[in-house]
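The values are calculated or read from the model by the stated rules, or taken from the named source; none is laboratory data. Worth saying up front: this structure is predicted, and the values here are computed from it rather than measured. Here Cβ is always computed from backbone atoms with ideal geometry, including for glycine, and neighbour counts include all displayed protein chains. SASA here: full protein model, heavy atoms, side chains in, ligands and nucleic acids out. Shrake-Rupley method; radii C 1.70, N 1.55, O 1.52, S 1.80 Å.
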Amino acid sequence: MSHQLPAILFLLPLFAAISMPVVCLKHRHWCQRIALVILAAMVLTSILNLHNVVRHGEVRYVFSGWAVPLGIEWVADGLASVVLVLLSVLGLLGVVFTGPTSPKALGGRIVHYYTLILLLISALTGIVFARDLFNLFVFLEVGAISSYALVGVAGGRALFAAFRYLILGTLGASLYLLGVSYLYAVSGTLNMGDIAGRLPLLLHSKALVGGLLFIFIGLGIKMALVPFHAWMPEAYTYAPDSISPILAPLVTKVALLAWVRIIYWVLNATIVIYDIPILLLVDVLGMLAAVIGASLALAQRNIKMMFAYGGISHIGIILIGIGQGNPTGFAGGVFYLLNDAVMQAALFFIAGVAFFQYGIKTIDDLGRVGKQAPWLVGSLVVVGLGMIGLPPTGGFFGKWYIILGALEAGNYISVIAVVLSTLLTLAYFVKLFEGIFRQKPTQPEGQFDEIPLSFKLTLGITSAAIMVLGIFSAPIVQLLSNQALPPGL
Amino acid sequence: MVDALSAVFQRPNFLTFVIIFLWGFYIMVTRYNLVKKLIGMYLVQTSVIFFLVSISAKKGATVPVLLSNTEPVKAASYANPLPHVLTLTAIVVGVATLGVGLALCAAIYRKYGSLDEQKILERME
């Protein structure tokens, strides 16, 4: 039974998504309940899967019994299992959060909304597990098509953002497919392990270099890496408030995971192709993203826009950790990925509550509510500490291990980039807090309703998770460096 | 130079791929009409599919169904089915993306009364 867990984890949301339009045709209020039950089951199954992987080692799953080079292979290793727990928990929280906002924000398209969310989560599960380059492409596209539709589901200004996202995302996917066909043409296989085995003979092939370049650009667009990030802030800002907290932490992070898979599992990480060490490339792109993303966030006044640019800079910090090429940096990068996903979810929950409950869109509005919104301000302070990276939170320990890894590798410029990005993050959170605490209320304060239980739950759980990740950082990083490291590191 | 040129012209399929790809990309970047952008996007997708088909073409090969059970299998006389399967999947993905894109276009047209990017941006302010 336990070796079927990867397939079960994928099929749970997929079957629920397919049956949703039929089951909920007449009973719309069932949608959220079904999604909640399915995602709760998925959380339990993913924890079981992680336990199983830690106990007995990685699970290799081959579809319909075709042996590896011919069949499609999925591997539940430590990294995939940890990310999957994160994915299902954040998906569950996102659906809990959706409850009160949905009728107003989605314009009655509730069935479509839950179907697409479950489809997105099953596609992301596929990306996390897949060890086949083309399989990865299919799941990237299923996930991407669901996200285009989710961004545009409520209509209005989001439609245009969704269209731009679609154009750029499809360009990225086409480039990725082109790169995959180059790699297939030169190596004759699509399985990641198989390509890795044949790689030493191909190092001087120009087709390999071209293919990798196309794959990197394609996935770079998907994960909003800095020169290709143009679609991301708009799409996440104008998307309905209940959708950004699901898209923002998951879609870009999972694309980043696919990139890490290709760099470490297909290519040997220490590889030098035409005098360019791959890891140096990752490191430099990460530094650029970390600093530029944070500087752009500083210039924003719309809070969702600011958080989206913050996410771009944090992708850079993760890449700096991944790019150090030593176990400390890699474990730190993956740990920071977990933290960043939780923080992004928390930030967009905050932005959602701020708009839905208090009508706040920009920093200037924040001062208006100030002390009347204890849940909002409290969780914003906690997430702020995490984003800046102050000690009790997980954000601090993530950056700490990344900096340790960079020092170990002797990369002092990376250390400077992390510190600079931290200072810029501090600057834009100071700007945010100034909006809340300094500003005198300019107009008579209206009374606001008590915020719904599900908002309190999501804000409370994400804030608590940021603290818990910090307090238990040592065992988690230990687990990651025992279980989640790539081969040869 | 002559060598490089002759290498290019001996592979007309690659040349065609590059032309279609760049043509689609050019349309995507320069046109303001959203449907034209979608056409450019579809050209880019189709060019990649064309590339995938053209690298898998094989002279004198037949469909990969065994002709007889008794004779030993000669791999050289069969075409590799995998790229064709990949192509089919890629076509399905492309059609799905195009469908979502056209639906978004229709919704944008209903809301803003135009498909011109600049007019839409003006009306959004």
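With respect to being surrounded by fewer than 19 Cβ atoms within 10 Å (Cβ to Cβ), in contact (Cβ under 8 Å) with a residue 12 or more places away in the chain and not acidic (Asp, Glu), B:PRO12 falls outside the description. When the residues of region A:182-203 are filtered to those that are within 11 Å of chain B (Cβ to nearest Cβ) and of a type outside the set (Ser, Thr, Tyr), the one that is least open to solvent (accessible area, probe 1.4 Å) is A:LEU190. Annotation note: of A:LEU177, A:LEU183, A:LEU118, A:LEU159, the sole residue that is assigned to a helix (DSSP H, G or I) and closer than 19 Å to A:TYR236 by Cβ is A:LEU159.
Take the residues in region B:76-125 that are more than 8 Å from chain A (Cβ to nearest Cβ) and of a type in the set (D, E, K, R), then tell me which one is surrounded by the fewest Cβ atoms within 10 Å (Cβ to Cβ). The residue in question is B:GLU125. Scanning region A:148-181 for residues that are farther than 22 Å from A:ARG109 by Cα and either within 9 Å of another protein chain (Cβ to nearest Cβ) or β-branched (Val, Ile, Thr) (or both) yields A:ILE167, A:GLY169, A:THR170, A:LEU171, A:ALA173, A:SER174, A:LEU175, A:LEU177, A:LEU178, A:VAL180, A:SER181.
Which count do you get for residues in region A:337-396 that are in a helix (DSSP H, G or I), small (Gly, Ala, Ser) and crowded, with 20+ Cβ neighbours inside 10 Å?
11
Starting from region A:402-418, keep only residues that are closer than 16 Å to A:ILE292 by Cα, then list their pairs with residues that are open to solvent by 50 Å² or more (accessible area, probe 1.4 Å) whose Cβ atoms are within a distance under 8 Å, requiring at least 6 positions of separation or different chains. That search, which allows pairs on different chains as well, returns A:VAL415/A:LEU407. For region A:223-280, residues that are open to solvent by less than 10 Å² (accessible area, probe 1.4 Å), within 24 Å of A:PHE455 (Cα to Cα) and among the aliphatic types (A, V, I, L, M) total 7.
Condition check: over 24 Å from A:LEU136 (Cα atoms), without any contact (Cβ under 8 Å) to a residue 24 or more places away in the chain and open to solvent by 50 Å² or more (accessible area, probe 1.4 Å). Does A:HIS56 satisfy that? Spelling it out, it is not the case that A:HIS56 is over 24 Å from A:LEU136 (Cα atoms), without any contact (Cβ under 8 Å) to a residue 24 or more places away in the chain and open to solvent by 50 Å² or more (accessible area, probe 1.4 Å). Checking the stated criteria, B:GLU125 turns out to be more than 17 Å from the chain's Cα centre (by Cα) and modelled with pLDDT under 80.
Contact map, region B:76-96: first residue over 19 Å from A:ALA144 (Cα atoms), second residue open to solvent by 80 Å² or more (accessible area, probe 1.4 Å) and not polar (S, T, N, Q), Cβ cut-off under 6 Å, separation 6 or more or different chains; pairs are B:ALA79/B:LYS58. Looking at region B:56-75, is at least one residue within 11 Å of chain A (Cβ to nearest Cβ), open to solvent by less than 60 Å² (accessible area, probe 1.4 Å) and in contact (Cβ under 8 Å) with a residue 60 or more places away in the chain? No; the residues of region B:56-75 include none that is within 11 Å of chain A (Cβ to nearest Cβ), open to solvent by less than 60 Å² (accessible area, probe 1.4 Å) and in contact (Cβ under 8 Å) with a residue 60 or more places away in the chain. Checked against the criterion of being open to solvent by less than 10 Å² (accessible area, probe 1.4 Å), of a type in the set (A, V, I, L, M) and modelled with pLDDT of 90 or more, the candidates A:ALA158, A:ALA173, A:ALA149 yield just one match: A:ALA173.
Assess whether A:ASN268 counts as being among the polar types (S, T, N, Q), modelled with pLDDT under 90 and touching a Lys or Arg at 6+ places or on another chain (Cβ under 8 Å).
Numbers: among the polar types (S, T, N, Q): yes; modelled with pLDDT under 90: yes; touching a Lys or Arg at 6+ places or on another chain (Cβ under 8 Å): no.
Criteria not met by A:ASN268.
Taking the stated definitions as given, is A:VAL68 part of a loop (DSSP other than H, G, I, E, B), open to solvent by 20 Å² or more (accessible area, probe 1.4 Å) and more than 17 Å from A:ALA16 (Cβ to Cβ)? Yes. When region A:71-95 is filtered for residues that are open to solvent by less than 30 Å² (accessible area, probe 1.4 Å) and under 22 Å from A:THR189 (Cα atoms), the ones remaining, listed by number, are A:GLY71, A:GLU73, A:TRP74, A:VAL75, A:ALA76, A:ASP77. Among the residues of region A:28-44, is there at least one that is outside any helix (DSSP H, G or I) and either exposed (fewer than 15 other Cβ atoms within 10 Å of the Cβ) or of a type in the set (Lys, Arg) (or both)? Scanning region A:28-44, I find at least one residue that is outside any helix (DSSP H, G or I) and either exposed (fewer than 15 other Cβ atoms within 10 Å of the Cβ) or of a type in the set (Lys, Arg) (or both), so the answer is yes.
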